[in-house]
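**Q** Below is one structure. I have some questions about it.
Laboratory data are not the source of any read-out in this text; all were calculated from the coordinates shown. As the structure is a prediction and not an experimental result, all values here were calculated from the model. Using ideal geometry, Cβ is built from the backbone for each residue, glycine included, and neighbour counts are taken over all protein chains shown.
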């Protein structure tokens, strides 16, 4: 669609609408203002997704690049949350492979709210088993990982990390120790100047960030692919074992 290749900008009114919708937290208010919210928030976020699609395709040709499937919904899923408020006042666009099939793979994202915007990179679902594979990789090739991190840091991205209380190992090089001891981590750049969202300044900023995030994405993609291969082999081994047991039980001695 042509209107997806032109960025309309996200103006101050958009954040006011999001805040009011969150404050009222009612289906009636949302339905009354839905068209305005879609036009001022959802549409420009989808435009960002569409305009940035070629840049993301260079990083990962298998990435999901359908704007309608990349931008978050305003309505929250409260089924598994103690917070039962119906609507959010932050919106994000996610650049990654389809999460249903590639849940443990890397993700680049942009998130906006009334207090600022941010763009980050990390593994989407950082399970303990996935992080074990990550640890194995940085022990084997920590230099490549640190070089990729350095690229991300050049655009102002900062490390956010959830560490284990007890060290996973004391015999790890100092430069990778904090990563080795992480339950999860990601890199993120926070910006408070919302005026950059009003025009193509945000697009220029994101294109620069994507280039600097690319090496780290490639490294994390390698980790995720290795983890996926291990999981697939484990399933195949389990299936073979079950088939062997069935065959043994059915064998007539």
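**Q** From the helices alone, meaning DSSP H stretches of at least four residues, give me the mean residue ellipticity at 222 nm for the chain, per-run term -39500 (n - 2.57), in deg cm²/dmol to the nearest 500.
**A** -17000 deg cm²/dmol
**Q** Say R0 is 30 Å: what FRET efficiency, to the nearest 0.05, do residue 39 and residue 84 get from their beta-carbon distance? Mind showing how you got there, number by number?
**A** On the way: r = 28 Å, r/R0 = 0.93.
After rounding to 0.05, the efficiency reads 0.60.
**Q** Using Cα atoms only, what is the angle between the long axis of helix 43-59 and the major principal axis of the chain, expressed in degrees (0 to 90) to the nearest 10?
**A** For helix 43-59, the angle is close to 40 degrees.
**Q** While we're on this one: Assuming a viscosity of 1.306 mPa s and a temperature of 10 °C, what translational diffusion coefficient in µm² per second does Stokes-Einstein assign to the chain, Rh being the Kirkwood radius over Cα pairs?
**A** D, rounded to a whole number, is 78 µm²/s.
**Q** Could I ask something else about it? Compute the long axis of helix 201-250 from its Cα atoms, compare it with the longest principal axis of the Cα atoms of the chain, and write down the angle in degrees, 0 to 90, nearest 10.
**A** That works out to roughly 40 degrees.
**Q** Same structure again: Full extension from residue 29 to residue 235: what is 0.36 nm times the residue separation minus their Cα-Cα distance, to one decimal in nm?
**A** 69.3 nm
**Q** A further question follows. Note down the nm distance, to one decimal, between modelled labels 7 Å out along Cα→Cβ at residue 169 and at residue 76.
**A** Each label point lies 7 Å from its Cα, and together they span 4.0 nm.
**Q** On a 0 to 90 degree scale, rounded to 10, what angle separates helix 128-153 from the longest Cα axis of the chain?
**A** The angle comes out at about 50 degrees.
**Q** If you take the Cα atoms of segment 1-93, find Rg, then find the Kirkwood Rh from the mean of 1/r over all pairs, what is Rg/Rh?
**A** 1.02
**Q** Note the full-extension length gain between residue 203 and residue 146 as 0.36 nm times their separation in residues minus their Cα-Cα distance, in nm to one decimal. Present the calculation step by step, with values, prior to reporting the outcome.
**A** Details: separation 57, 0.36 × 57 = 20.52 nm, distance 2.68 nm.
Once the chain is fully extended between residue 203 and residue 146, it gains 17.8 nm.
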